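A.B. asks: Take this structure, written in structure tokens, and hold onto it; I'll ask about it next.
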Amino acid sequence: MILVGSAGIIPQLDRETFKKHMRAELETLMEEMADAVDSAPAGRIIRDSEEKVRGLFAEFRRKTFEEAMQLKVDAAEAAFFPLRPAKRRASGNVTKESSLTRYY
């Protein structure tokens, strides 16, 4: 899907790619969170694990936002600079032009 924003056409990030990239990070987060809770001594579980878990979620939030922004940039670049150059006919010959040439 492509949205039109104040700066022009803005393609959406690929949500399936985003989910695929973040699944491993989510698995790691859950493992590290379980480790933090399990390593806290009885009677101090909240006190000794809460800050660690908070930090893990903060890092996950940062990585998630970073990944989403990168995929958004990648989608915008792909829309502006297609990988396959267009073909055109010049004097009866088929020639390839650069992706930038098509925009000018």
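A.B. asks: Please identify which residues in the range 35-56 have an amide N closer than 16 Å to a label point set 7 Å out from the Cα of E25, following the Cα→Cβ vector.
C.D. replies: The answer is 55-56.
A.B. asks: Next up: For each of D14, D38, count neighbouring Cβ atoms within 10 Å of the residue's Cβ, then give the residues from fewest to most.
C.D. replies: Values: D14 15, D38 9.
Least to most surrounded, the residues fall as D38, D14.
A.B. asks: If each residue's Cβ is checked for other Cβ atoms within 10 Å, how do K52, K19 rank with the fewest at the top?
C.D. replies: Details: K52 16, K19 10.
Going from sparsest to densest Cβ surroundings: K19, K52.
A.B. asks: Quick one: S39, S49, fewest Cβ neighbours within 10 Å first, how do they rank? Walk me through the intermediate numbers first.
C.D. replies: Numbers: S39 11, S49 19.
By the 10 Å Cβ count, ascending: S39, S49.
The numbers here are math on the coordinates, done by the rules we state, and not lab data. All values reported here derive from a predicted model rather than from experimental measurement. As a convention, Cβ positions derive from the backbone with ideal geometry for all residues, glycine included, and neighbour counts pool all protein chains shown.
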